[in-house]
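Below: one structure, written as structure tokens.
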Amino acid sequence: MNFPKTVKICEVGPRDGLQNEKKLLSTEQKIELVNGVLASGISSIEIGSFVHPKAIPQMADTEKVMQAIGKRKNVEFRALITNLKGVERAIDAGVDKVKLTVSASKSHNLSNFNCTPEQSVASFDECVKVALEAGLEVSGAISTTFGCPFEGKIPLKQITKLIESFRDIGIKEISLSDTTGVANPRQVYDQLNTLKKHYKDVIFHLHFHNTRGQALANIIAGMQAGVTHFDGSFAGLGGCPYAPGASGNIATEDIVHMLEDMNIDTGINLDALLCIAKKAQEFVGHETDSAILRAGKSSELIPNKPKKQIIL
Ligand code: ZN
């Protein structure tokens, strides 16, 4: 198997994780979590979103969180936006990058926005111009890439059309999201292999939800196809809008633990990350889907000396 030497993780807990929580965290709690993430050595953080506060009240204070944290050298703060107003707020708040999201599912996009996914991407043109002029970086994301609850599996052609729409407006960093946790490793490997061959100028990020326990396997498949950028969420926070009660994003600490065991460098201190994952779990006040928070690191389970005991 061909594994990369290093992998870059983006912590999406402050956005994807917290926006799915019923309980609103205070601005101070969010600042504490982001500071903890920074202390663990993570250098890419999705700090929140600039969408209408009525639509997602959990993200209404993203400006305050960003302003309290402040810009950091060698750290990238990105935020999700959906329109020009979002770009303006992102510029004022001082984030480094904005992310524009579209759904791969035609029916989903038509029912939500009254236009096709390609039309949605084309309408982002002005957002891109304004963001670039202000010195921000711009990235794109395609949700339900690997399957959608309304249309089932999404044909690769539908994804390539969207990638091309993003390239047409100058976006070359694209996150492919398995929003509903339906991707399987063979599909991820085959699709990313093809996409990476076709679009050599695009940097692909992979974003997996662990709804069906397949996220780590999908990350392995992604690495085999040459992908080195993955998203994770502290404590495994996050949900799936179409599967109530389903587990969330793959836990960042589960990814880092696996990669560390495989001698793949992430630049992240796992112990520091576990502290902040525990804190996130405390703040939301319920159990979350994190294997390492539950079971501990595998290295801690190896005793120094074998104990005298009969193993049957
Ligand atoms: Zn997500």
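Okay, here's what the table says:
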item	result
Residue within segment 95-114 that is farther than 21 Å from PHE204 by Cα, within 16 Å of the ligand (Cβ to nearest atom) and open to solvent by less than 60 Å² (accessible area, probe 1.4 Å) present	yes
Criterion (touching a Gly at 6+ places or on another chain (Cβ under 8 Å) and more than 25 Å from SER165 (Cα to Cα)) met by exactly one of THR101, THR62	THR62
Which numbered condition GLY181 fails, given (1) within 17 Å of GLU11 (Cα to Cα); (2) assigned to a loop (DSSP other than H, G, I, E, B); (3) small (Gly, Ala, Ser)	(1)
Selected residue (only one of GLU46, GLU11 is modelled with pLDDT of 95 or more, touching a Ser or Thr at 6+ places or on another chain (Cβ under 7 Å) and within 16 Å of the ligand (Cβ to nearest atom))	GLU11
Any pair with Cβ under 6 angstrom, 6 or more apart, that starts in segment 206-231 at a residue that is within 8 Å of VAL188 (Cβ to Cβ) and aliphatic (A, V, I, L, M) and ends at one that is more than 16 Å from the ligand (Cβ to nearest atom) and outside any helix (DSSP H, G or I)	LEU206/VAL227
Sole residue being open to solvent by less than 60 Å² (accessible area, probe 1.4 Å) and closer than 23 Å to HIS209 by Cα, chosen from SER139, SER120	SER139
Matching entry among ASP201, ASP231 (being at pLDDT 95 or above and within 14 Å of the ligand (Cβ to nearest atom))	ASP231
Number of the exception - SER165 against (1) more than 19 Å from the chain's Cα centre (by Cα); (2) within 16 Å of the ligand (Cβ to nearest atom)	(2)
Qualifying position, being buried (at least 16 other Cβ atoms within 10 Å of the Cβ), assigned to a strand (DSSP E or B), in contact (Cβ under 8 Å) with a residue 12 or more places away in the chain and out of contact with any Phe, Trp or Tyr (no Cβ under 6 Å at 6 or more places or on another chain), among GLY17, GLY36, GLY48	GLY48
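The values are calculated or read from the model by the stated rules, or taken from the named source; none is laboratory data. It should be emphasised that the depicted structure is a prediction, and the values quoted were computed from it without experimental measurement. Counting neighbours? That spans all protein chains shown, and the Cβs are built from the backbone with ideal geometry, glycine included. Ligands, DNA and RNA are excluded from the accessible area calculation, which covers all protein heavy atoms including side chains. Shrake-Rupley method; radii C 1.70, N 1.55, O 1.52, S 1.80 Å.
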